[in-house]
Amino acid sequence: MQFRDLSVQYERLKPEIDRAIAGVLESGRFIGGPEVSALETELADYVGVKHCITCGNGTDALQLALMAWGVGSGDAVFVPDFTFFSSGEVVSAVGATPVFVDVDEHTFNIDPAKLEQAASYVERERQLTPKAVVAVDLFGLPADYPSIRKVCDEHNLLLLEDGAQGFGGSIEGKMACSFGDISTTSFFPAKPLGCYGDGGAVFTDNDEWAELIRSYAVHGKGTMKYDNVRVGMNSRLDSLQAAILRVKFKAFREYEVADVNARAALYGSALENTSLVLPRVPDGYTSSWAQYTVRVPGGVDRDALQAMLKTQGVPTMVYYPKPMHEQLAFKDRCVIPQEGCPVTERLCRTVLSLPMGPLLLEGDQLLVAATVCSCLENG
Ligand SMILES: *Cc1c(COP(=O)(O)O)cnc(C)c1O
């Protein structure tokens, strides 16, 4: 069994994907072109925003958003302490200071009450200008945008949705990647919608930011490629990846989001009588289940459990073992709350992600559940 088996999906879509790849090779258009613009239109329609700008990866997508807003030195950007490194990395990359905020124990997403405290704290201290929030849709579940938006309004903060793991999720029918003033996603192969290499996208309703992002993504181009009006970067989605994504996006829309939710429901029933704390999806929310992440109860050694599962052929992962504020890269260049981030610290010791994906076999899932149960009982 693999943690996330991408070859099964390829087998299923092989004729269409092979045809799409051949089409690009025959067209001779490898950067930009009709596949990229068609994909951007399809993604924007699905998410329900005006503009989609594809780019090189999900990290660049976040950085492009901060560049469009002119975030830089002296600015504070609020980031959950429990996330993938990129969410905070881009803040430092543009010269601003990440302020790490603790998360909610049940959703794993940024805690709006603690965000409010952190924003007030930075305002009182007057060392940094509070500028933006990076809210992450961790493991596929959209963050609490209704509450986060209120804090942003009160403190005059821009909202950047990091939907790298959240694409396909929703709140009351409104799609992930539509909640931020700018939202982003990643097409890294293992994300809910993945390509066969690196890829990313930026979403916004704002015409001016969309134009700036298109410019920053191509060397700060002006009216044309060899007219450079600002210092940008080189961040584009390849035509090949766009063509592959269009095939995969169709499957994603038509059945994969529903299938992965059925997988989550099966884990839910197969594991409900164990001592594990199972992931919960709040009313009105849909997750795209980038990960199925459980928590081991107090008294259970997570690392020992993981090792035992491994010897029995069940692969698991720890997302994430370290709080952001403990990463060496942020030493002396981030702000953390006085009381620390105790929820994140506890999660880093207790979370365990199980094999997951829309094409996971029911038999494999039941085997995972049975093995987890026996390991918990015997160890
Ligand atoms: C994967 C990921 C990113 C970065 O995406 P890349 O395409 O790998 O650059 C950013 N944020 C989160 C939460 C992610 O999971």
As a quick test, which of the pairs K191/K248; K114/K174; K114/K331; K14/K191; K174/K248 have an alpha carbon distance above 23 angstrom in this structure?
K114/K174
Cβ-based exposure ranking for C177, C341, C334, in which fewest neighbours within 10 Å come first:
C334, C341, C177
Calculate the spin-label point distance for R280 paired with A190, positioning each point 7 Å from the Cα along the beta-carbon direction, and give it in nanometres.
2.8
According to the square roots a ≥ b ≥ c of the eigenvalues of the Cα gyration tensor, what is the shape class of the chain, taking rounded for a/c under 1.5, prolate for a/b larger than b/c otherwise, and oblate for the remainder?
oblate
Given backbone amide H placed at 1.01 Å from N, residues whose amide H is under 5 Å from that of G180, ignoring those fewer than 5 places away on the same chain, are E161
For the pair E26 and F85, the simple spin-label estimate (label points 7 Å beyond Cα toward Cβ) gives in nm 4.2
Mark the label point 7 Å from the Cα of E172 along Cα→Cβ and return the residues of the stretch 97-135 whose backbone N is within less than 19 Å of it.
112-113
MRE, 222 nm, helices only [DSSP H, n ≥ 4, -39500 (n - 2.57), over the chain, to nearest 500]:
-13000 deg cm²/dmol
Any idea what the dipole of the chain comes to, in debye rounded to 20, about its Cα centre with Lys/Arg Cβ at +1 and Asp/Glu Cβ at -1?
640
Over the stretch 1-150, what is the relative contact order in percent, taking alpha-carbon pairs closer than 8 angstrom and at least six residues apart?
18
Charge dipole (debye, nearest 20) of the stretch 162-269; +1 at Cβ of Lys and Arg, -1 at Cβ of Asp and Glu:
360
May I ask for the net charge around T344, where only other residues with Cβ less than 13 Å from the Cβ of T344 are counted and Lys, Arg are +1 while Asp, Glu are -1?
-3
With θ set to phi - 60° and the Karplus curve 6.51 cos²θ - 1.76 cosθ + 1.60, what are the ³J(HN,Hα) couplings of the stretch 247-255 in order, to the nearest whole Hz, using x for Gly and Pro?
5, 5, 5, 4, 5, 4, 5, 6, 8
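Please report the relative contact order for the stretch 205-335, taking Cα pairs under 8 Å with a sequence separation of at least 6, and give it as a percent rounded to a whole number.
11
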A correct Karplus calculation of ³J(HN,Hα) over the stretch 7-22, with 6.51 cos²θ - 1.76 cosθ + 1.60, θ = phi - 60°, whole Hz and x for Gly and Pro, returns 6, 4, 5, 4, 4, 5, 9, 3, x, 5, 5, 4, 5, 5, 5, 4
Can you give the extra length, in nm with one decimal, that the chain gains between Q312 and R126 once fully stretched, where that is 0.36 nm per residue apart less the Cα-Cα distance?
61.5 nm
What residues qualify as long-range amide H neighbours of Y292, i.e. H under 5 Å apart, gap of 5 or more or another chain, H built at 1.01 Å from N?
L354
Could you work out the relative contact order of the chain, using alpha carbon pairs under 8 angstrom and six or more residues apart, expressed as a whole percent?
22
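Under the Kirkwood approximation applied to all pairs of distinct alpha-carbon atoms, what is the hydrodynamic radius of the stretch 233-283 in Å?
Working: mean 1/r = 0.0714 Å⁻¹.
Across the stretch 233-283, the inverse of the average 1/r is 14.0 Å.
We did not get these values from a lab; they are worked out from the coordinates using the rules stated. Please read these numbers as outputs of a predicted model, since none were measured by experiment. Note that we place each Cβ from the backbone using ideal geometry, even for glycine, and neighbour counts take in every protein chain shown.
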